[in-house]
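The values are calculated or read from the model by the stated rules, or taken from the named source; none is laboratory data. It should be emphasised that the depicted structure is a prediction, and the values quoted were computed from it without experimental measurement. Cβ placement follows ideal geometry from the backbone for every residue including glycine, while neighbour counts extend to all protein chains displayed. SASA here: full protein model, heavy atoms, side chains in, ligands and nucleic acids out. Shrake-Rupley method; radii C 1.70, N 1.55, O 1.52, S 1.80 Å.
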Amino acid sequence: MNMDKINFWALGLCLLFAGGAITYLYSYKHSEVIDIISYLFFLGGWGCLFMKATKGTIVDAPKISFKIDKAGFFRQRIISFFAYTISVGAMLGLMFWLNDMGIKRKSNILQSGATDTTVAVVDHIAVRHGRNSTSYYAVFKYTVNGNLISHPWYEPAESDFLVGERFEIKYSVDHPDMFMLLEKLP
């Protein structure tokens, strides 16, 4: 594959757009697979854009030796540090902004879109272990138009939901796995 024929600006923007679209449209599903795919698109797109933007600059230049040019060494390190820090900060800011936009989209659909209600049962509690934390998801199961839907719901503490609890939920007719809790049923 000839790397000179790839337009890294277009590739980077397309990867960023794909990652952003996945985050905006599907972050409400709380799926690790969807999150990983969107993060990979984001990182790939941002990497392509960063490589293209820094090509030919001091960040991309061969490393200056401290013994040969002390001032040049420090200047290159400081500029590289700020370039990477600003780039990573901008990428994370974009990811959080798109995630927030996805949350607002879900809220808007459930508030003003076509919705219906049904009863959901907490089937089980899914535990996801991260490097420094543990997350708990109550997995709700309910039936819409004869289809059984299983959807995880993030719970801040392990004991927020119990297996077997029943809730009245409001779900989107267009996106049946998008719902909000209305009330706990006896």
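Considering D160, D174, which residue is at pLDDT 90 or above, of a type in the set (D, E) and either within 26 Å of I36 (Cβ to Cβ) or touching a helix residue (DSSP H, G or I) at 6+ places or on another chain (Cβ under 9 Å) (or both)? I'd like the intermediate steps shown before the answer.
Working: D160 fails: at pLDDT 90 or above.
Checking each option against the conditions leaves just D174.
What number of residues within segment 96-124 are in contact with a strand residue (DSSP E or B) (Cβ under 6 Å, 6 or more places away or on another chain), closer than 29 Å to V163 by Cα and not polar (S, T, N, Q)? Steps first, please.
The first filter runs over segment 96-124 and keeps only residues in contact with a strand residue (DSSP E or B) (Cβ under 6 Å, 6 or more places away or on another chain), leaving 109-110, 113, 115, 117-124.
Of the ones still in play, those that are also closer than 29 Å to V163 by Cα are 109-110, 115, 117-124.
Right, trim to not polar (S, T, N, Q) and you get 109-110, 119-124.
Number of matching residues: 8.
Go through segment 56-89 and count every residue that is touching a residue at least 12 places away in the same chain (Cβ under 8 Å), part of a helix (DSSP H, G or I) and either small (G, A, S) or touching a Pro at 6+ places or on another chain (Cβ under 7 Å) (or both).
Qualifying residue count for the region: 3.
Can you tell me which residues in segment 129-151 are of a type outside the set (A, V, I, L, M) and closer than 20 Å to G164 by Cα?
Pass one, segment 129-151, residues of a type outside the set (A, V, I, L, M): 129-137, 140-143, 145-147, 150-151.
Result: S135, Y136, Y137, F140, K141, Y142, T143, N147, S150, H151.
Looking at (1) in contact with a helix residue (DSSP H, G or I) (Cβ under 7 Å, 6 or more places away or on another chain); (2) closer than 22 Å to A21 by Cβ, which is the one condition that is false for L92?
Failing condition for L92: (1).
In segment 1-42, how many are more than 30 Å from L110 (Cα to Cα) and either among the β-branched types (V, I, T) or without any contact (Cβ under 8 Å) to a residue 24 or more places away in the chain (or both)?
Let us first name the residues in segment 1-42 that are more than 30 Å from L110 (Cα to Cα), namely 1-13.
Next, from what is left, pick out any that are either among the β-branched types (V, I, T) or without any contact (Cβ under 8 Å) to a residue 24 or more places away in the chain (or both): 1-7, 10.
Total meeting the criteria: 8.
Tell me whether segment 70-80 contains one or more residues that are within 27 Å of A21 (Cβ to Cβ) and open to solvent by less than 50 Å² (accessible area, probe 1.4 Å).
Here is the first cut: in segment 70-80, the ones within 27 Å of A21 (Cβ to Cβ) are none.
Looking through segment 70-80, none of the residues is within 27 Å of A21 (Cβ to Cβ) and open to solvent by less than 50 Å² (accessible area, probe 1.4 Å).
Condition (residue is open to solvent by 70 Å² or more (accessible area, probe 1.4 Å), of a type outside the set (V, I, T) and either under 19 Å from E32 (Cα atoms) or not in a strand (DSSP E or B) (or both)) applied to segment 150-157: is it met by at least one residue?
So in segment 150-157, the residues open to solvent by 70 Å² or more (accessible area, probe 1.4 Å) come out as 154, 156.
Next cut, of a type outside the set (V, I, T) only: 154, 156.
Checking the rest, the ones that are also either under 19 Å from E32 (Cα atoms) or not in a strand (DSSP E or B) (or both) come to 154, 156.
So far as segment 150-157 goes, yes, one or more of its residues are open to solvent by 70 Å² or more (accessible area, probe 1.4 Å), of a type outside the set (V, I, T) and either under 19 Å from E32 (Cα atoms) or not in a strand (DSSP E or B) (or both).
Given the structure, is E168 surrounded by fewer than 13 Cβ atoms within 10 Å (Cβ to Cβ), modelled with pLDDT of 90 or more and in a strand (DSSP E or B)? First the steps, then the outcome.
Values: surrounded by fewer than 13 Cβ atoms within 10 Å (Cβ to Cβ): no; modelled with pLDDT of 90 or more: yes; in a strand (DSSP E or B): yes.
No, not satisfied.
Could you list, in sequence order, the residues of segment 90-128 that are assigned to a helix (DSSP H, G or I), surrounded by fewer than 15 Cβ atoms within 10 Å (Cβ to Cβ) and basic (K, R)?
Across segment 90-128, the qualifying residue is only K104.
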